[in-house]
Amino acid sequence: MAASNPSARSPITALVVHGGAGTIVRTQLTPEREASIRAGLNHALDAGHAVLQAGGSARDAVTAAVVALEDDANFNAGHGAVFNHDGVNELDASIMDGHTLEAGAVAGVRRVKNPIQLARAAMEKSPHVMLVGTGAEGFGQTVPDIAFVDPKFFFTEERWRQLRAAQAEEAAGAVAPPSAHFGTVGAVALDAHGHLAAATSTGGMTNKRWGRVGDSPIIGAGTYATDRCAVSGTGWGEFFIRLNVAADICARVAYRGDGLQAAADEVVMHRLPALGGDGGAIAVDADGNIAMPFNTEGMYRGWVRPDGTRGTAIFGDDAR
Ligand code: ASP
C-alpha cells in the first residue's frame, strides 16, 4: 500500500511523549524529582525512538514508549497509578493506528501490569475495540505475554497520601480540585513508512468512584490517529470526552486544512478552558510536525523531531 506521508521523499520519523498535565508547582518540584521525571521521559523516548530507528512501526513505537512510562512510578499509569475512592487502582489505556484506523482500549482493569499491552491485544486479537473490567482481564488471560500482577503491585506511598489528602478535603467540604490531577502518560509517533499512531494510559483521577472512566481509553477523546494526525491527551477527562478532544484536533487538520499547531491550540487553549476543563495534548502529523499545547501550569513532555533534535520539558517557559 502506498505510504500516506505526502512528503515521503526520504523517510522521516518523529516521536512525542507526555507524562501528564496539571498543577506542577515549581517550588515543590525538587531537583531530584525533576531529574527523575526527565530521566523517565528520556527512557520512554529511547524505547520508542529505537523502534523507529530500526524501521519499526508507529504502533510498536508508541507501545514501547508507553510501557516504559507505565513501569515508572513517577507517572499515573501502570505501576504509579492513582487510587480510586475505595483505595483500589483501576487502570485505563487505549491505542490507535492511524494507517489502518484500528483501535483498542481497556478500562477499569486491576491486575494487568501494562494496560497498554492489553489495549493493543484488544486491537489485534479481539473483534472488539473496548473491553472493561473483569471481562477485559478474562480476555487478557487468553493472550500470551500479558503480565498479570497482584493488585498490591500498584501500591505506592505517594499515591496513597494523595488519596488520603483528597478524601480529607472532600470531608472538609471542598469541591474536588480539578487541576490536582496529572501523570497520565501517552505517546504519538510517525514512522519511516509515513504511518502514525497514538497511545494513552492512566490510573485516572484520584478518588474517582462509581466505576468512573475518563477520556484516556475513549477513542476520539483521549486518543486518536489518522494517516495525517495522531493525538494523545491528558487532563480533566470529563471535558476531553465532552469535546472529543483528540478526534477534534485531527478533524480540524483533515477538514479545515488547519496546521497541526493551530488545530491543537484551538482545542486545548480555547475550546477546553471555555468549557471549564483543563489539560494538554501531544500531536504529530504526517510531515513530522509536532505540537504540545497545555493550559495548565505544566505538562511533562519529551520529543524527538525528524531532524533528530530531542528534548524534555515541564513548564510553559521551558524550551519547546
Ligand atoms: N485524563 C485522565 C483522566 O481523566 C487524567 C489525566 O490526564 O491526568 O482519567
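Restricted to region 256-269, and to residues there that are open to solvent by less than 10 Å² (accessible area, probe 1.4 Å) and small (Gly, Ala, Ser), the residue that is farthest from the ligand (Cβ to nearest atom) is ALA263.
For region 183-199, filtered to residues that are more than 8 Å from the ligand (Cβ to nearest atom) and β-branched (Val, Ile, Thr), the residue that is nearest to VAL51 (Cα to Cα) is VAL188. For region 208-255, filtering for residues that are assigned to a loop (DSSP other than H, G, I, E, B), within 10 Å of the ligand (Cβ to nearest atom), of a type outside the set (A, V, I, L, M, F, W, C) and free of Cβ contacts under 8 Å to residues at least 40 places away in the same chain leaves 1.
For the condition out of contact with any Lys or Arg (no Cβ under 9 Å at 6 or more places or on another chain) and of a type in the set (Asp, Glu), what is the one hit in ASP86, ASP60?
None of the other options fit; the residue is ASP60.
Any residue that is in a helix (DSSP H, G or I), surrounded by 17 or more Cβ atoms within 10 Å (Cβ to Cβ) and in contact with a Ser or Thr (Cβ under 9 Å, 6 or more places away or on another chain) - is there at least one of those in region 20-39?
yes
What about GLY302, is it outside any helix (DSSP H, G or I), open to solvent by 20 Å² or more (accessible area, probe 1.4 Å) and more than 16 Å from the ligand (Cβ to nearest atom)? So GLY302 fails the test. Only residues that are open to solvent by less than 10 Å² (accessible area, probe 1.4 Å) and touching a helix residue (DSSP H, G or I) at 6+ places or on another chain (Cβ under 6 Å): list them for region 239-252, please. Within region 239-252, VAL245, ILE249 meet the criteria. Here the condition is being modelled with pLDDT of 95 or more and either away from the ligand (no atom under 16 Å from the Cβ) or more than 28 Å from GLY22 (Cβ to Cβ) (or both); of GLU124, GLU90, it holds for GLU124 alone. Counting only residues that are within 16 Å of the ligand (Cβ to nearest atom) and polar (S, T, N, Q), region 19-38 holds 1 of them.
The values are calculated or read from the model by the stated rules, or taken from the named source; none is laboratory data. This structure is a prediction, so every number in the text was calculated from the model and none was measured. Backbone-built Cβ (ideal geometry, glycine too); neighbour counts: all protein chains shown. What goes into the accessible areas is simple: the full protein's heavy atoms, side chains included, and nothing from ligands, DNA or RNA. Shrake-Rupley method; radii C 1.70, N 1.55, O 1.52, S 1.80 Å.
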